[in-house]
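Inspection log for the structure reproduced underneath, given as structure tokens.
The values are calculated or read from the model by the stated rules, or taken from the named source; none is laboratory data. All figures in this text were calculated on a predicted structure; none of them were measured in a lab. Cβ placement follows ideal geometry from the backbone for every residue including glycine, while neighbour counts extend to all protein chains displayed.
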Amino acid sequence: MSATSLHDWLMSERPASRRQAALGRAYGTWCAFARNRLALAGLAIVSLLVLVALFAPWLAPHSPTAGDLGNARLLPPDARHWFGTDDQGRDILSRLVHGARITLYVVTLVAVLAAPIGLVVGTVAGYAGGWLDAVLMRLTDIFLAFPRLILALAFVAALGPGIGNAVIAIAITSWPPYARIARAETLTVRNADYISAVRLVGASPWRIVARHIMPLCVSSVIVRVTLDMAGIILTAAGLGFLGLGAQPPTPEWGAMIAGGRAYVLDQWWVAAAPGAAIFLVSLAFNLLGDGLRDALDPKAQR
């Protein structure tokens, strides 16, 4: 099948099967996404982050935890240490490469934990209405009333420092926006004709929410999760900076900035390298989220 005929088959207005219709929707979404150059740049940087995290042991030129307290302390960038060394004589590039694993670990676990919670809370509240909606939304408002970092600090202080507890704390503070979005989407479709038809054939409320409403809210939640990745990275870095996230000698980017703040005027590269990594990855997730929002918007003109 030629490229032209494949394109015509995927974009057919009368698909012959459900498989063709699903592939056509996916292809149309990709075409809309690919028209955004900045979104493609964000996707490339995020893909590079994933590859660096996967192959960190082979990409890192030195050990991320073992250093040399002799002549290797606070060396400026050179041919052997591209980003210089820190106050413990450890290669900063190697620590950045291994730190990509921690960053990806945090954002993935937070997304896996927080997004389903917000999706369930929002769809149940929006479909049920009444007192259950009021209780769930007031609980959501309580979480939204506090800045995410402050609330995460409180939970980490209660749970104890560590990367695992930091992930739990960030996930607990991240679900309310997803619940709000899912509830808004649910309110727009709960009285639709096809929902009424499903209700008339005897489907239970839980089945209606799980099989017919949640799938309609997934795209909006995915976009919001992607846009929130930057905030998740900054919150994790903030906890690491304060010593409540990953513990030494783990190469976490926020903790690396904290270790380099005493040398920021003379040995600027110690804090500048992890700061630049946080900035670049956060920007990439924002660009990717913007592209997904435009591509997955059902109201967009294509």
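Listed by first and then second residue, the pairs linking a residue in the stretch 16-45 that is over 17 Å from residue 223 (Cα atoms) to a residue that is assigned to a helix (DSSP H, G or I), with Cβ atoms under 6 Å apart and 6 or more places separating them unless they lie on different chains, are 23/10; 24/10; 27/10; 45/284. Residues that are assigned to a helix (DSSP H, G or I), under 23 Å from the mean Cα position of the chain (by Cα) and either farther than 18 Å from residue 249 by Cβ or of a type in the set (A, V, I, L, M, F, W, C) (or both) within the stretch 52-106 comprise 52, 53, 54, 56, 96, 97, 100, 102, 104, 106, listed in sequence order. Residue 86 falls short on exactly one of the conditions (1) modelled with pLDDT of 90 or more; (2) buried (at least 18 other Cβ atoms within 10 Å of the Cβ), and that condition is (1).
All conditions but one from (1) farther than 30 Å from residue 265 by Cβ; (2) modelled with pLDDT of 80 or more; (3) surrounded by 14 or more Cβ atoms within 10 Å (Cβ to Cβ) apply to residue 27; the one that does not is (2).
Table: residues versus (1) under 16 Å from residue 110 (Cβ atoms); (2) of a type in the set (Lys, Arg); (3) free of Cβ contacts under 8 Å to residues at least 40 places away in the same chain.
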{"site": "142", "(1), (2), (3)": "no, no, yes"}
{"site": "160", "(1), (2), (3)": "no, no, yes"}
{"site": "175", "(1), (2), (3)": "yes, no, no"}
{"site": "186", "(1), (2), (3)": "no, no, no"}
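Does residue 126 satisfy the condition of being buried (at least 18 other Cβ atoms within 10 Å of the Cβ), among the small types (Gly, Ala, Ser) and closer than 27 Å to residue 289 by Cα? Yes, satisfied.
The set of residues in the stretch 186-203 being surrounded by 10 or more Cβ atoms within 10 Å (Cβ to Cβ) and among the hydrophobic types (A, V, I, L, M, F, W, C) consists of 187, 189, 192, 195, 197, 198, 203. Considered as a group, the residues in the stretch 204-235 that are loosely packed, with under 15 Cβ neighbours inside 10 Å and farther than 22 Å from residue 114 by Cβ include one that is nearest to the chain's Cα centre (by Cα), and that residue is 211. Residue count for the stretch 129-158, restricted to those that are surrounded by 12 or more Cβ atoms within 10 Å (Cβ to Cβ) and under 22 Å from the mean Cα position of the chain (by Cα): 12.
With a requirement of 3 or more residues that are at pLDDT 85 or above and within 27 Å of residue 147 (Cβ to Cβ), the helices (runs of 4 or more DSSP H) lying completely within the stretch 186-274 that satisfy it span 214-241, 253-260. Pairs meeting the criteria (first residue in the stretch 276-292 and under 18 Å from residue 34 (Cβ atoms) and free of Cβ contacts under 8 Å to residues at least 24 places away in the same chain, second residue small (Gly, Ala, Ser) and part of a helix (DSSP H, G or I), beta carbons under 9 Å, at least 6 apart or on different chains) are lacking.
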